[in-house]
Amino acid sequence: MVIVNEKICDLCGTCVAVCPVDCIELTEFDLIINDEICIRCNICIKMCPFAALTSKTSEV
Amino acid sequence: MKKHYNIAIVGGGPAGTTAARFATSQGASVVVLERDREIGVPVRCAEGISKEGLTKYVDINPNWIAGTITDFGFISPSGKMVVFHSPTIGYILHRRLFDHALAEIAADMGAEIYTKAYVHGLRRDGSKTTLYLRHIGTETEVEADIVIAADGIESRIAHLAGFNTKLSPKDVEPCAQMQLANIDVNPNRGDFYLSNNWAPGGYVWAFPKGENTANVGLGISGKYAGNKSALEYLKDFVAEKFPKASILTTTAGGVPVAKALDKLVGDGLMVIGDAAHQVNPLTGGGISTAMAAGKMAGSVAASAVKDKDISAKRLSEYQKQWDKTIGKDIKRLYRLKEWAINLTDTDYEDIARSLDGLTPEQVTLVKIFKQAVKKKPSLVIDVLKVFAGF
Ligand SMILES: Cc1cc2nc3c(=O)[nH]c(=O)nc-3n(C[C@H](O)[C@H](O)[C@H](O)COP(=O)(O)OP(=O)(O)OC[C@H]3O[C@@H](n4cnc5c(N)ncnc54)[C@H](O)[C@@H]3O)c2cc1C
């Protein structure tokens, strides 16, 4: 899944614009990634101007 | 906030507030819903605009002009500078104050503007559209005859409204910018640094904001994004060129450098500004085009409401106006951008060398670009059409 580092994220919305499945939402105060919709294409990770997004394989 | 408006606009940037101004001036009831706590903040912008691109849409107020630009400098990878004396004046804005001013003008005419008003849903139903929003923490709804999506590059609401706003990575420039203080800059010259080591597929700008301070930022082509972030590129550039600078702001942003959308209207729906990719794809400039689209869409929306015909057919008057004016230029500029993102550092050096010895008055954008497209002559017409006069 894609994880947001809130200490780095500048809430600019570039990731929202490029997400092909609309699973990212930028509210008044945070960035929310809906992991159930996410297709793990990692485009958001590549495009983040501040490298605030990383992917993490979930530990079961 | 009322329950119903003729026109509800999502987003309080230059596109949204300009649409609000022109719609209210024709008698429509208008609401602007802005997510952030303050109009115009944070500033994710280099703040440059041409005099013409500004004064067509708003009277200049010295309060929000930070400086005047008469020259441009292009710096090659090896540091060679070509100076170009611009025949048209440019301005560096204080975007925070500028965006406020645009909102105030709209408000003075009767538009209602709300901040901390985050729109998260939209439902189109018969002859009206309902927007679902959270306003300072309280869930509420607003109904409108026409919704104008002016929600910037994210364009989530535009997408929910059925517009094809999704951007492919190569059509987006991830950007980072710092406002630097205590640096040596020419207050009347905007500089562009061109090298794939500084900003692959994009450029670095240094736009002065007065004597010893400037907006220094860069965009990289999404085509090359992934290994190193825009911020890392910028940190390296600043360390190399402005090692003593103090850093007053650090912001991120994305610029759509795409073709404008094919479809800009639906029944009771319109999309404008960055959300509609209405940006010069070669330079990334989008303030003026956002205001242009706001003016067209706001005027058409108000007269459509008056005539009680909010069909896509009626609203397409806006699209027609757009397509035959700025839309046409953007197509040409897009072809130039598709070519420009592949320029190598050797190409940049060759261009700089070919203009060596010319005075700033002798250098023109047509000369620069004609030289640059030598290897791709099919683009010469595009160059002549978009830069004639420059
Ligand atoms: C780093 C950078 C440098 C730039 N430099 C320049 C330059 O020098 N010159 C130039 O001309 N252009 C420049 N641009 C481009 C310019 O900033 C934009 O084209 C311009 O701001 C577009 O105006 P807009 O109104 O369409 O969108 P925006 O100004 O982005 O406004 C959109 C607004 O919608 C709000 N919003 C989004 N979603 C919602 C929602 N769901 N509910 C409520 N509100 C919402 C946002 O908070 C935002 O305030 C630059 C862009 C960047 C990123």
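Take peptide A:44-57, look around each residue's Cβ out to 10 angstrom, count Cβ atoms belonging to other protein chains, and average those counts.
Details: counts 1, 2, 8, 12, 8, 21, 9, 8, 3, 0, 0, 0, 0, 0.
Going residue by residue through A:44-57 and averaging, the value is 5.
Rg to Rh ratio, region A:2-55, alpha-carbon atoms and Kirkwood radius? Write down the numbers at each step before the final one.
Details: Rg = 9.7 Å, Rh = 10.9 Å.
Using Cα coordinates only, the ratio equals 0.89.
Hey, can you rank B:373-385, A:44-56, B:307-319, B:136-148 by average C-beta count inside 10 Å, highest first? Could you put the intermediate results ahead of the total?
Values: B:373-385: 14.4, A:44-56: 20.2, B:307-319: 16.8, B:136-148: 18.3.
Taking the mean over residues of other Cβ atoms within 10 Å, the ranking is A:44-56, B:136-148, B:307-319, B:373-385.
Projecting each Cα onto the charge dipole of chain B (Lys/Arg +1, Asp/Glu -1 at the beta carbon, about the Cα centre), which of B:Tyr5, B:Phe192, B:Val373 comes out farthest on the positive side?
Of the listed residues, the answer is B:Val373.
Identify the GluC sites (Glu not before Pro) of region B:186-247 meeting these criteria: DSSP loop state and at most 13 other C-beta atoms within 10 Å of the C-beta.
Qualifying residues, ordered by number: B:Glu211.
What is the magnitude of the charge dipole of region B:278-390 about its Cα centre, with +1 placed on the Cβ of each Lys and Arg, -1 on the Cβ of each Asp and Glu, and no other charges, expressed in debye to the nearest 20? Display every interim value, and only then the final one.
Values: 19 positive and 13 negative charges, 119 e Å.
In debye, rounded to 20, region B:278-390 gives about 580.
Roughly how many debye, to the nearest 20, is the charge dipole of chain B about its Cα centre, given +1 on each Lys and Arg Cβ, -1 on each Asp and Glu Cβ, and no other charges?
Details: 47 positive and 42 negative charges, 170 e Å.
I would put it at about 820 debye.
So for the protein assembly as shown, taking the charge dipole from beta-carbon charges (+1 Lys/Arg, -1 Asp/Glu), which of B:Ser221, B:Leu133, B:Thr250 sits furthest toward the positive end?
Towards the positive end, the residue furthest out is B:Ser221.
What order, most packed first, do the peptides B:324-331, B:337-344 have when packing is the mean number of other Cβ atoms within 10 Å of each residue? Before the final figure, lay out the partial values.
On the way: B:324-331: 15.6, B:337-344: 17.5.
My ranking of the peptides, most packed first, is B:337-344, B:324-331.
Apply the Karplus curve 6.51 cos²θ - 1.76 cosθ + 1.60, θ = phi - 60°, to the phi angles in region B:337-345 and return the couplings in whole Hz, x for Gly and Pro.
Once rounded to whole Hz, the list reads 5, 4, 7, 5, 5, 9, 5, 9, 5.
Starting from the 7 Å offset along Cα-to-Cβ, what nm value, one decimal, do you get for the label separation of B:Ile89 and B:Ser311?
4.8 nm
How far is the Cα center of region B:26-91 from the Cα center of region B:115-186, in Å?
Region B:26-91 and region B:115-186 have Cα centres separated by 21 Å.
Averaged over peptide B:166-178, how many Cβ atoms belonging to another chain are found within 10 Å of each residue's Cβ?
Numbers: counts 6, 7, 3, 5, 0, 2, 5, 3, 10, 3, 4, 1, 0.
Averaged over the peptide's residues, the number is 4.
Taking the Cα centre of the protein assembly as shown as origin, work out the dipole magnitude from +1 charges on Lys and Arg Cβ and -1 charges on Asp and Glu Cβ, in debye rounded to 20.
1100 debye
Just to check I understand the Karplus step: with θ = phi - 60° and J = 6.51 cos²θ - 1.76 cosθ + 1.60, what whole-Hz values come out for region B:101-110, glycine and proline as x?
Couplings: 4, 4, 5, 5, 4, 5, 5, 4, 7, x Hz.
Taking neighbour Cβ counts within 10 Å as the exposure measure, how do B:Met296, B:Met291, A:Met1 sort from fewest upward?
Values: B:Met296 24, B:Met291 28, A:Met1 12.
If I rank by nearby Cβ atoms, fewest first, I get A:Met1, B:Met296, B:Met291.
With springs connecting C-alpha atoms under 10 Å apart, model chain B as a Gaussian network and identify which of B:Val58, B:Val300, B:Val216 has the largest mean-square fluctuation.
B:Val58
Can you compute 3J(HN,Hα) from phi for each residue in region B:243-258, using the Karplus curve 6.51 cos²θ - 1.76 cosθ + 1.60 with θ = phi - 60°, rounded to whole Hz and x for Gly and Pro?
After applying 6.51 cos²θ - 1.76 cosθ + 1.60, I find x, 9, 5, 8, 10, 8, 9, 9, 9, 10, x, x, 10, x, 10, 10 Hz.
Where a number appears in this text, it was derived from the coordinates with a stated rule and is not lab data. On a predicted model such as this, the values are computed, not experimentally measured, just so you know. FYI the Cβ positions are ideal-geometry reconstructions off the backbone, even for glycines, and counts take in every protein chain you see.
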